[in-house]
1. Return the residues of segment 132-188 that are basic (K, R) and in a strand (DSSP E or B); say none if nothing qualifies.
2. Given D131, D76, D102, which one is loosely packed, with under 15 Cβ neighbours inside 10 Å and either more than 15 Å from V161 (Cα to Cα) or over 22 Å from the mean Cα position of the chain (by Cα) (or both)?
3. Conditions first: (1) assigned to a helix (DSSP H, G or I); (2) modelled with pLDDT under 90. R87 passes all but one, so which condition is the exception?
4. Any residue in segment 149-174 that's more than 10 Å from V109 (Cβ to Cβ) and small (G, A, S): show its pairings with residues that are outside any strand (DSSP E or B) and open to solvent by 60 Å² or more (accessible area, probe 1.4 Å) at Cβ separation under 8 Å, as long as the two are six or more apart or on different chains.
Amino acid sequence: MIALSAGCLGDDAEDSPTDGNETDDNGDPGTPSGDDDNPEDGDDGDEQATELAGSDSRTYRYPTRSTSPGLHLLEDDDEATTWLAERDRTADSLETFVDETDFETSILVSLEAGAPNPCHELALESTAVEDEQVVLDGAVSETGDDDEACIAQETTVGRLVRATFDGQRLTNVSATIVDRNGESHQLSVSHDTASESTSAEPSNSSNEAGDDE
């Protein structure tokens, strides 16, 4: 501010000839003050963050009652094979979907929740990468298939998601699953660890009063 004020003292400068060399606050003639406009090499940003190169998913269902939503991370062929063997698959397309997955660049994540009859599915509402983790949003909803028998039959509905990355493969996953009663469940998984928290607030996207998990 001092240097700025000194340069704005009016027209007296016309009566006071100078030698043309201005001195900055550091006492060095003609030298720019500070290095703010010239950052050192190597300080111009972090490493490029991993991005989601693509995603795909398949629905599935098996006739087992689910007591609470679940989240599973499948990182390789062995984990995927074991996961498939533990479920009564309704279509060969699910196995084909797993076989087509390149685990060098992708992971598989399954979201599951209970449903009161076969006319429900777990809809995937969004897939994203945030803060170096995969973030998924899903909700149990009616399929709207009039040709399907909707007798009361407890079942588990799921969605198998494939996330493919541009950059380092991520193995941290968080998900929000809205169950058949409209309650929102926050889940996370990383390798063999998992945690869950449930919000009691109902969601308008899926609210079926009277159905208990």
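The values are calculated or read from the model by the stated rules, or taken from the named source; none is laboratory data. These numbers were taken from a predicted model, which means no experiment stands behind them. Please note: Cβ atoms are built from the backbone with ideal geometry, for glycine as well, and neighbour counts cover all protein chains shown. SASA here: full protein model, heavy atoms, side chains in, ligands and nucleic acids out. Shrake-Rupley method; radii C 1.70, N 1.55, O 1.52, S 1.80 Å.
1. Initial filter on segment 132-188 (basic (K, R)): 159, 162, 169, 180.
Of everything in segment 132-188, those that are basic (K, R) and in a strand (DSSP E or B) turn out to be R159, R162.
2. Answer to the check: D131.
3. (1)
4. Within 8 Å, the pairs are G167/Q48.
Quick grid of which residues meet (1) assigned to a helix (DSSP H, G or I); (2) of a type outside the set (F, W, Y); (3) closer than 19 Å to H191 by Cα:
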| site | (1), (2), (3) |
| --- | --- |
| L73 | no, yes, yes |
| W83 | yes, no, yes |
| D102 | no, yes, yes |
| S110 | no, yes, yes |
| L122 | no, yes, no |
